[in-house]
Structure formats: C-alpha cells, structure tokens
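What follows is a short report on a single structure.
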Amino acid sequence: VEWQRLTPQADDEVEFLYVTYGPDAQSCPEDSLFRHDGKEYAYILSGQLGVQIGFERYELGPGDSLSFNSQIPHRLWAVGNEPAVAIWAVVHRA
C-alpha cells in the first residue's frame with residue numbers, strides 16, 4: 001500500500017493523502033482488523049477497493065466514497081487485478 005501526502009508538510013489536524021492499493025495489497029491480514037483515533041473520508045478514483053468496517057463489508061469503485069469513525073475496527077484491500085486508487089483524508093488521528 002502506498003500513501004502519498006498531498007500537502008507540502010505534515011499537519012497535526014488532518015492527513016490528506018493519495019492512496020494506492022496494488023493488486024493483492026491489504027491494510028492488514030484478513031483475520032485481523034485495526035483501529036485508531038480519528039475519522040476517515042475517501043473518494044475512489046479507479047479500481048475496486050474492499051472495505052470492512054466492523055461486521056459490514058463493501059466493495060467500492062470509481063466515484064464511490066465513504067466515511068467512518070476510525071475507532072471502529074476496519075480493514076481495506078484491493079479487489080481484482082488493477083490497483084485501487086483513492087483520495088483519502090484522516091482527521092484527528094492521534
């Protein structure tokens with residue numbers, strides 16, 4: 001997974017990112033979820049992204065968006081043979 005900051009320097013309040021999940025890339029193993037402080041917002045530019053938030057699972061494609069409380073256990077992964085690319089913002093991550 002590649003996370004590229006879209007601001008010229010770090011910001012204490014928000015992380016504004018260009019995110020690429022290459023084929024077979026995932027945020028964590030399938031049998032574990034992670035959580036942290038903050039809230040996340042994403043807009044999918046291309047490819048397909050699998051998302052699990054708590055017990056709910058979604059598959060997002062170009063033009064789809066999501067937001068969720070990052071304290072809820074979650075996991076992300078690329079679906080298919082193309083990279084999943086998104087613009088991402090994480091607010092108040094401690």
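Once you have a ≥ b ≥ c as the square roots of the Cα gyration tensor eigenvalues for the stretch 2-42, tell me rounded if a/c is under 1.5, and otherwise prolate or oblate according to whether a/b is larger than b/c.
oblate
For a bin width of 10 Å, list the pair-distance distribution of the chain built from all Cα-Cα distances, rounded to whole %.
18, 51, 29, 2
Quantify, in whole percent, the carbon and sulfur part of the accessible surface of the chain (1.4 Å probe; protein heavy atoms only).
Answer for the chain is 48 percent, counting heavy atoms of protein chains only.
Counting pairs of alpha carbon atoms under 8 Å apart in space and at least six apart in sequence, what relative contact order in percent does the stretch 22-79 give?
Averaging sequence separation for qualifying contacts and normalising by length gives 48 percent for the stretch 22-79.
So how strong a dipole does the chain carry about its Cα centre when Lys and Arg Cβ are +1 and Asp and Glu Cβ are -1, to the nearest 20 debye?
80
How many Å² of accessible area per residue for the stretch 1-87, probe 1.4 Å?
61
The values are calculated or read from the model by the stated rules, or taken from the named source; none is laboratory data. Because the structure is a prediction, the values reported are computed rather than measured. Cβ atoms come from the backbone with ideal geometry, glycine included; neighbour counts cover every protein chain shown. Note: areas computed on protein heavy atoms with side chains; ligands, DNA, RNA excluded. Shrake-Rupley method; radii C 1.70, N 1.55, O 1.52, S 1.80 Å.
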